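Everything below concerns the one structure shown next.
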Amino acid sequence: MHEISIAESVLQIIEDTARAEGYARVKVVWLEIGQLAGVEAESLRFCFDVVARDSIALDARLEIIETAGLGWCMECACNRVVTSRYEPCPDCGSFRMEVTGGDEMRVRELEVE
Amino acid sequence: MCTTCGCGKGQTLVGGRRPGGGHAFARQHKPGKELRYRAPEEGVIRAPVRAPALFPDTLDFGAGPAGTHAPGMSQTRMVKIERDILAKNNDYADENRRYFSSRGIFALNLVSSPGSGKTTLLVKTITALNGMQPLAVIEGDQQTDNDAARIRATGAPALQINTGKGCHLDAHMVGQAMGRLALKNDSLLLIENVGNLVCPAGFDLGEAHKVVMFSVTEGEDKPLKYPDMFRAADLMLLSKCDLLPHLDFDADLAMANARRVNPDIQVIRVSATSGEGLDEWLEWIKAGCRLCSIARVHP
């Protein structure tokens, strides 16, 4: 359900940019979705297909680039790759990890004509 | 036909061989593989073709379907966007936040799974504040006006947002609701989100804090199952604590799990039925209200 809102926001960004850049059709949409963003890629693809009907993004392909989750360990004072929000630091085992990356969701690029 | 040099279909060679299906599109190739084009009368020219650029600071003209770029020639093109998908919601949330801070309003976003006792606790809270603190409530549910009606019965102004098929409130909905509530300066705004531990975590409403409710009739591992929400919240209310003697629920384990996801989360054990923890919860609210009104007078 949440992915529908995200898909609608993606389409809105595409349509806003279409007005500024002057293109009539979108062929590929490159999204950057962090591993910790809480978005299910398959569900997002499904929702995007639904919301993109009757739009300039009809039949556009979604390319989802998954970015790694990063956490700052307050004990080791350095960045570590994490795959979930409750994971301890792989080095010292502390749970005092502050997520510093991999929670973003961005439209990175479009292939248009 | 090649859009750059005009070479025909069938002249394209991949690694010296003809590819199976027509002109080779850049995206069908893995990075590092090369295509060979035979330009008219000049023999073979090696033309490396790359996959579309994956690096943000690269403007890759070789990434179009033609695998190359010629000025003025029509081909599909790449448009750099680099926009946060939730940017629009965040803009509305910032607008709400400015509105709150200019009026000294302390706004809380209450989130939980359905049935953890948000509305019951709100009714108790409003009754306990006993008109000492100006406040208003925004209720979010998919359907019905039931919750807003329960709040209005206490005498407090309440507005119901029905999200229809939506699973969360967004900042634009809240902004529209605020306009209709005529919020007072230095007041408390309680926003009860749609009962859902997933989606509301991602949608900033402009609130000062997310407050997550977690009832003891749920599992102790809820913070681990829905970490985004417990991470986004600043305060956790462990609700229905009057039931603890009748359950196997390990409250300490539940709190430890919440702190595992969010080491800085504050926890208050409450019960709307027995009144346990209500004083601490009310003090927490009053402290927030005081800070907001001080910030309005001395920005």
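The values are calculated or read from the model by the stated rules, or taken from the named source; none is laboratory data. Given the structure is predicted, the values throughout are model-derived calculations rather than measurements. Note: ideal-geometry Cβ built from the backbone for every residue, glycine included; neighbour counts use all protein chains shown.
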For B:ASN130, all conditions in the list (1) crowded, with 22+ Cβ neighbours inside 10 Å; (2) free of Cβ contacts under 8 Å to residues at least 60 places away in the same chain hold save one; what is the number of the exception? (1)
Residues that are buried (at least 21 other Cβ atoms within 10 Å of the Cβ), touching a helix residue (DSSP H, G or I) at 6+ places or on another chain (Cβ under 8 Å), assigned to a helix (DSSP H, G or I) and not charged (D, E, K, R): does segment A:48-63 have at least one? yes
Applying the selection to segment B:123-151, what residues are touching a strand residue (DSSP E or B) at 6+ places or on another chain (Cβ under 6 Å) and either under 18 Å from B:GLU283 (Cα atoms) or small (Gly, Ala, Ser) (or both)? B:GLN133, B:LEU135, B:ALA136, B:GLY140, B:ALA148
What are the pairs, 6+ residues apart or on separate chains, where a residue within segment B:213-232 that is in contact (Cβ under 8 Å) with a residue 24 or more places away in the chain has its Cβ under 6 Å from a residue that is of a type in the set (Ser, Thr, Tyr) and buried (at least 24 other Cβ atoms within 10 Å of the Cβ)? B:MET213/B:SER112; B:MET213/B:SER116; B:MET213/B:SER239; B:SER215/B:SER116; B:SER215/B:SER239
So B:LEU122 clears everything in (1) in contact with a Leu (Cβ under 8 Å, 6 or more places away or on another chain); (2) among the aliphatic types (A, V, I, L, M); (3) part of a loop (DSSP other than H, G, I, E, B) except one condition, right? Which one? (3)
Of the residues in segment B:171-222, those that are aliphatic (A, V, I, L, M) and within 12 Å of the chain's Cα centre (by Cα) number 5
Within segment A:35-46, track down each residue that is at pLDDT 90 or above and within 12 Å of another protein chain (Cβ to nearest Cβ). A:LEU44
Would you be able to say whether some residue in segment A:97-113 is under 19 Å from B:LEU224 (Cβ atoms), part of a loop (DSSP other than H, G, I, E, B) and either among the aliphatic types (A, V, I, L, M) or free of Cβ contacts under 8 Å to residues at least 12 places away in the same chain (or both)? no
Free of Cβ contacts under 8 Å to residues at least 40 places away in the same chain, hydroxyl-bearing (Ser, Thr, Tyr), within 28 Å of B:ASP279 (Cα to Cα) and not in a helix (DSSP H, G or I): is that true of B:THR154 in this structure? yes
Here are the criteria: (1) of a type in the set (A, V, I, L, M, F, W, C); (2) modelled with pLDDT of 90 or more; (3) surrounded by 15 or more Cβ atoms within 10 Å (Cβ to Cβ). Tell me which single one A:CYS78 does not satisfy. (3)
Is there a residue in segment B:237-244 that is touching a residue at least 40 places away in the same chain (Cβ under 8 Å), within 25 Å of the chain's Cα centre (by Cα) and closer than 24 Å to B:ALA272 by Cα? yes
Pick from A:ARG106, A:ARG61: which is of a type in the set (Lys, Arg) and closer than 21 Å to B:ALA87 by Cα? A:ARG106
Looking at segment B:72-96, which of the residues that are assigned to a helix (DSSP H, G or I) and either buried (at least 19 other Cβ atoms within 10 Å of the Cβ) or of a type in the set (Val, Ile, Thr) (or both) is modelled with the lowest pLDDT? B:ASN89
Across segment B:201-233, the tally of residues that are of a type in the set (Asp, Glu) and within 14 Å of chain A (Cβ to nearest Cβ) stands at 4
Those residues of segment A:4-34 which are surrounded by fewer than 19 Cβ atoms within 10 Å (Cβ to Cβ), more than 7 Å from chain B (Cβ to nearest Cβ) and not hydrophobic (A, V, I, L, M, F, W, C) amount to A:GLU8, A:GLU15, A:ASP16, A:ARG19, A:GLY22, A:ARG25
Candidates B:ALA182, B:ALA171, B:ALA201 - the one that is of a type in the set (A, V, I, L, M, F, W, C), on the phi > 0 side of the Ramachandran plot and surrounded by fewer than 24 Cβ atoms within 10 Å (Cβ to Cβ): B:ALA182
Tell me which residues, restricted to segment A:73-86, are within 12 Å of chain B (Cβ to nearest Cβ) and part of a strand (DSSP E or B). A:CYS73, A:VAL82
